[in-house]
Amino acid sequence: MYQIHNPYQMMSQKNTTLGEFIIENQGEFQYSSGELSRLINSIRLAAKVVNHEVNKAGLVDILGNAGDTNIQGEDQQKLDVYANNAFIKTLTNREIVCGIASEEEDDFITIKGRNEKNDNKYVVLIDPLDGSSNIDVNVSVGTIFSIYRRVTPSGTPVTLQDFLQPGRNQVAAGYIIYGTSTMIVYTTGHGVNGFTLNPAIGTYYLSHPNMRFPEDGNIYSVNEGNYVHFPQGIKDYIKYCQKEEGDRPYTSRYIGSLVSDFHRNMIKGGIYIYPNTSKDPNGKLRLLYECNPMAMIAEQAGGSASNGFQRILDLQPSALHERTPFICGSKNMVEKAEGFMQSHKPSL
Ligand code: AHM
Ligand code: MG
């Protein structure tokens, strides 16, 4: 039967908004203070601003390159610049964050707190608009964020050390997906929850409580155009996915937008792979801005994330823009792929 959708209906139902959820759950944080809540609140605000702009992409002259080239030597789209500025500005104004590192900035940014003191507690690492080559073809893109407590003493300016922490130190991580609907999905180390934006009233509602990766799945997501350059372990795993046996062959789904591929796989069960290749020995994805936050979310949702040999969250970063091979998704699938990788590990 055809149902008339009333966008205002949600206001009258007893649904939890993101704002309410943040307040209700702030007691869970290891360091009890409202600061992390305020920080997530500011990301929520910036996400609305960026969402508004992303939705306008087809309407206004905002497409194309901004003319800048980022540190990876890639052209920046105008919306990358917009999103980068929106997140940095919102996070800077809150007196909670002492430093920001962004995939779009060459170096980290130091932020002073109240009265010019360096006493804010958190650093944020962000990929403001991931998958941005998809914007001008109207395909979903995302924002990925990662939050740590600083490790250098309060009162001193942040240093690189505050940003180069292993992913297991993250106190929160999340992503925003600008898709058929806009969602914020995040974790503070107590499971993963997803909130969907009701655009009519600009409010995020808890739509996906306690998200869990199915332990197994039948979707594999990898850019098979690079197949000939993949390590033998990944080639073998792909052949395994395609083999007619048991619940296989699996289905191949690859959007080329990490947040979207990950989000679908978390809901349906699947694996995302961006391996090292003979052209890119460390793969493409950035450990700090992309892999660590997605790995924390995956693990918090019962999935796992690996570089083929090691848990992503245990890797010790040595540079802000470091890359790593990335295998992430349903636990049993990641384990299987790791098995193929390890069977080809060169002996020492
Ligand atoms: P970006 O940070 O330049 O947007 O690159 C990251 C994106 C991921 O979202 C996506 O999974 C991957 O690059 C796609 O790369 P490829 O086109 O090589 O398959
Ligand atoms: Mg990116």
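Just so it is clear, none of the values below were taken in a lab; they were calculated from the coordinates. Every value quoted in this text rests on a predicted model; they were computed, and no experiment measured them. All Cβ positions, glycine included, derive from the backbone under ideal geometry; neighbour counts span all protein chains shown.
Peptides 142-148, 222-228, 309-315, 112-118 ranked from most to least packed by the mean count of surrounding Cβ atoms within 10 Å: 142-148, 309-315, 222-228, 112-118. With helices as the sole contributors, the chain gives -8000 deg cm²/dmol at 222 nm; each DSSP H run of n ≥ 4 counts as -39500 (n - 2.57), and the sum is divided by every residue. Looking at the chain, the DSSP beta bridges with both ends there are about 80 percent antiparallel.
Compared with the direct C-alpha span, the chain from residue 161 to residue 190 gains 7.8 nm at full extension, assuming 0.36 nm per residue.
Annotation: the antiparallel percentage among DSSP beta bridges lying fully within the range 219-342 is about 65. Oblate is the label for the range 205-346. Its Cα gyration tensor axes, ordered a ≥ b ≥ c, give a/c of at least 1.5 and b/c at or above a/b. Over all directions, the projected convex hull of the C-alpha atoms in the chain averages 20.1 nm² in area. Return the subset of 284/331; 268/336; 48/284; 78/112; 48/89; 56/268 for which the Cα-Cα distance in this structure is over 20 Å, preserving the input order. The answer is 284/331; 48/284; 78/112; 56/268.
Across the range 65-198, Cα-Cα pairs more than 27 Å apart make up 23 percent of the total.
Proximity of backbone amide H atoms, modeled 1.01 Å from N, is registered between residue 172 and 147 at under 5 Å, excluding neighbours fewer than 5 places apart on the same chain.
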